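Chemist: Next up is a structure, given as structure tokens.
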Amino acid sequence: MAAVLNTPTVLPLHSFLAQKGERDLLRFSTAGSVDDGKSTLIGRLLHDAGGAFEDQIAAVKASKINRAGEGKVDFSLLTDGLKAEREQGITIDVAYRYFATPRRKFIIADTPGHEEYTRNMATGASTCEAAVVLVDVRHGPTDQSRRHARIARLLGIRHVIVAVNKMDLVGWSETAFRKVVNAFEGAYHVPISALEGDNVVAQSAHMPWYHGPALLDLLETLPVGQEAQTAFRLPVQLVIRPDARFRGFAGQIAGGRVRVGDMVTALPSGREAQVTRIVTYDGDLAEAVAPMSVTLVLDREIDLSRGAMIVSGDKPESARRIHAQAVAMQHEGLVEGREYLLRHTAQVVPARLIKGSLPMNGIGEVELEITKPLYFDPYAVNRSTGAFVLIDRLSNNTVGAGMIDRAARAPRRVSAARQAAAWLRKAADKLEQFSDGAGI
Amino acid sequence: MVAQFSRPCLLYSIGKDSSVLLRLAQKAFYPGKIPFPLLHIDTTYEYPEMIEFRDRYTREIGAELLVYTNQEAVAAGANPYDLGTSKCCHQLRTRALVDGLKHYGFDAALGGARRDEEKSRAKERVFSLRDAHGQWDPKNQRPELWSLYNGHINKGESVRVFPLSNWTEFDVWQYIHEDSIPLVPLYFAEPREVVVREGSLIPVQPNVKFLPGEVSETQVCRMRSLGCTPCTGAIRSQADSVLTIIDELKEFKRSERENRVIDHDQDGSMELKKREGYF
């Protein structure tokens, strides 16, 4: 007998109101192909936790495509939303699916596993706190599962969960499970059978040797929301000035917390000011934390415009040359010597790749030189102020993404330094047209 | 979004998602006003309650409202009965939207679409690029990492921006409840005159034609999502307040857009419409 499935709990109205807003959110990525049982796993999570509707399941059952086998439901049709994907039986681009349990809300970013679509895997994983990497217990880790784990770690995802699938096909063998655990590093390993439901939503009765949580249990209890614990960072998206009496700086808090009365520093000017009001549509606040969107009013007139940053606590680093881990995401790769537009927090600045060409889908170390000092935190400390994307000036396409680890050393050779200085002067002249940034 | 584009607008359909989006825009610029106009694509098959609500509410909050209709198609008598739903929708919604954006010179349009609505929408970026003809290329979308949205476009191209991408139907109703957002009364149950067509309840309006053998009846019902009068069904429901709707939602076993005839008129329906520029 397979594991007992939980039916989704329907809460009565009063308990819904009692918990309103209290459920937090976990985003996790999945990757791989039908063969790993990825779609079966997602289908099971959605189905068992009430994230798929009857008419959608019925449409899947009625479809002329079915790769799951006679009499079984091909759940991949739920997430492979493009015609080309359903016809070819591959995932090309990331799909987002949603479900909730009484403890937590979830967003699944279901990403492609093929190398060709690495950029779409990175797109899906970039906002996740956890990654569920599927491994078929009979075959061990594949290239796709290794790539998923690698990109997840690169993007700073701390919770890499290795779901060792198809345990039913190896007689629920602990030895087979241990072999995968030893071969493939991860923060957690869970032996499951997506097809039978063992250790997905409910604990399996077939594997008494496994004492850890079922996958959903684990996903419900992973810690989230730690951006509030770093130093305060507010990249300014917009200066709000409805009339002469009001001047506020609006943006989404990228780290830490701010209280009325706090002394803050405006970057790049370095001027200090005191926070007099934290304004929102729903009334003023005494305190705000990441990732809330707020408008700050300061006690004195200081120069602050879009792309600037208001900070307190430990100062961010400042450098014209940065060292980063980057991914190349278009056919032309990332080319040493080429100039790109670098989008970081709410600003766009010209930047030149001075070290580390990368081919399409390549991942590696690069150095960039920027026309003016960039204020950042290492990506490992703060994802929002440590991440950037590179935009091609001609095609306008996003061609690369990067995670800053540190300031890079200044060039040693004088001639190189002179060249760089000349280039910087030239680029600085062009700066004015790039005062824009992200989000409303 | 506002900083990245020279002429943005908010696509206002008068539905619940648009209403939430509008509230978010008010919040984003508070205490300032929303710095862009609202654009409503009027198919001329809208419910009268929607038009009444639209005019009253936008006036109340002091927003600038623009309305665009594909007059040529209306003059030619476009209707779903003769053209079929697919062609009618293309003329009055997709064509009108693409032309409307061009007419006013908008290079970015905020919309209330959500990824949980439909499986091709589940694939869409928050900043979704459209070529000079307003078309979407789902196989070649820009990478979109973190919240570093790339709004750089070439002349003639435009971007659809979907801030509610990651909201679910439940989230929308919860927000409507917590923020007391006013809605068109069509969302709330009351006795209405309807015809039952292929299991859907189609409310009777002057422009809804009876098919042979159909008669009207009175049913207590409400709309779960709003579209054109002939192509959007109501559901049987007693839920007459936001809270009772939320309660009902938790027990739903069928999806929100099931009542939208246009999603089911061909395989991969929504993807095809979206490629051509549908919202």
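Chemist: Looking only at the range A:325-345, filter to residues that are out of contact with any Gly (no Cβ under 6 Å at 6 or more places or on another chain), assigned to a strand (DSSP E or B) and aliphatic (A, V, I, L, M); which one of those is surrounded by the most Cβ atoms within 10 Å (Cβ to Cβ)?
Modeler: A:327
Chemist: Of the residues A:67, A:27, A:86, which single one is modelled with pLDDT under 75, closer than 24 Å to residue A:146 by Cβ and of a type in the set (D, E, K, R)?
Modeler: A:67
Chemist: Name every residue in the range B:30-47 that is in contact (Cβ under 8 Å) with a residue 12 or more places away in the chain and more than 12 Å from the chain's Cα centre (by Cα), in order of residue number.
Modeler: B:33, B:34, B:35, B:36, B:37, B:38, B:44, B:45, B:47
Chemist: Output the number of the condition that residue B:178 fails; it satisfies all remaining conditions of (1) at the interface with chain A (Cβ under 8 Å from one of its Cβ atoms); (2) farther than 27 Å from residue A:123 by Cβ; (3) in contact (Cβ under 8 Å) with a residue 60 or more places away in the chain.
Modeler: So residue B:178 meets the others, but not (3).
Chemist: Those residues that are within 14 Å of residue A:132 (Cβ to Cβ), buried (at least 20 other Cβ atoms within 10 Å of the Cβ) and modelled with pLDDT of 90 or more, I need them from the range A:161-188; list them, please.
Modeler: Scanning the range A:161-188 gives A:161, A:162, A:163, A:164, A:165.
Chemist: Something else: Take residue B:57 and decide whether it is more than 16 Å from the chain's Cα centre (by Cα) and surrounded by fewer than 21 Cβ atoms within 10 Å (Cβ to Cβ).
Modeler: Criteria met by residue B:57.
Chemist: Here is a follow-up. Would it be correct to say that residue A:153 is over 13 Å from residue A:38 (Cβ atoms), in contact with a strand residue (DSSP E or B) (Cβ under 9 Å, 6 or more places away or on another chain) and either outside the structural domain of residue A:333 (by TED's automatic domain parsing) or surrounded by 24 or more Cβ atoms within 10 Å (Cβ to Cβ) (or both)?
Modeler: For residue A:153, the condition - over 13 Å from residue A:38 (Cβ atoms), in contact with a strand residue (DSSP E or B) (Cβ under 9 Å, 6 or more places away or on another chain) and either outside the structural domain of residue A:333 (by TED's automatic domain parsing) or surrounded by 24 or more Cβ atoms within 10 Å (Cβ to Cβ) (or both) - is met.
Chemist: Restricted to the range B:83-142, and to residues that are of a type in the set (Gly, Ala, Ser) and assigned to a loop (DSSP other than H, G, I, E, B), which residue is farthest from residue A:122 (Cα to Cα)?
Modeler: B:84
Chemist: Being over 22 Å from residue B:148 (Cα atoms), more than 14 Å from chain B (Cβ to nearest Cβ) and part of a loop (DSSP other than H, G, I, E, B) is the filter here; which residues of the range A:235-291 pass it?
Modeler: Of everything in the range A:235-291, those that are over 22 Å from residue B:148 (Cα atoms), more than 14 Å from chain B (Cβ to nearest Cβ) and part of a loop (DSSP other than H, G, I, E, B) turn out to be A:260, A:261, A:262, A:269, A:270, A:271, A:286.
Chemist: Determine if the range A:297-307 includes at least one residue that is free of Cβ contacts under 8 Å to residues at least 60 places away in the same chain and in a strand (DSSP E or B).
Modeler: Checked against the condition, which is being free of Cβ contacts under 8 Å to residues at least 60 places away in the same chain and in a strand (DSSP E or B), the range A:297-307 yields at least one hit.
Chemist: Got a number for residues in the range A:207-220 being in contact with a Pro (Cβ under 7 Å, 6 or more places away or on another chain) and assigned to a helix (DSSP H, G or I)?
Modeler: 0
Chemist: Please work out which one of (1) within 14 Å of chain A (Cβ to nearest Cβ); (2) in contact with an Asp or Glu (Cβ under 8 Å, 6 or more places away or on another chain) is the condition residue B:173 fails and give its number.
Modeler: (2)
Chemist: Right, another one. Could you list, in sequence order, the residues of the range B:151-173 that are surrounded by 19 or more Cβ atoms within 10 Å (Cβ to Cβ), more than 15 Å from the chain's Cα centre (by Cα) and part of a helix (DSSP H, G or I)?
Modeler: B:173
Okay, residues lined up against (1) away from chain A (no Cβ under 14 Å); (2) assigned to a helix (DSSP H, G or I); (3) β-branched (Val, Ile, Thr):
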| site | (1), (2), (3) |
| --- | --- |
| B:2 | no, no, yes |
| B:5 | no, no, no |
| B:14 | yes, no, yes |
| B:19 | yes, yes, no |
| B:26 | no, yes, no |
| B:32 | no, no, no |
| B:36 | no, no, no |
| B:40 | yes, no, no |
| B:45 | yes, no, no |
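Chemist: Now for a different question. Can you name the number of the only condition in (1) more than 13 Å from every other protein chain (Cβ to nearest Cβ); (2) assigned to a loop (DSSP other than H, G, I, E, B) that residue A:322 fails?
Modeler: Status for residue A:322: all satisfied but (2).
The values are calculated or read from the model by the stated rules, or taken from the named source; none is laboratory data. Remember, it's a predicted structure, so these values are computed and weren't measured experimentally. Here Cβ is always computed from backbone atoms with ideal geometry, including for glycine, and neighbour counts include all displayed protein chains.
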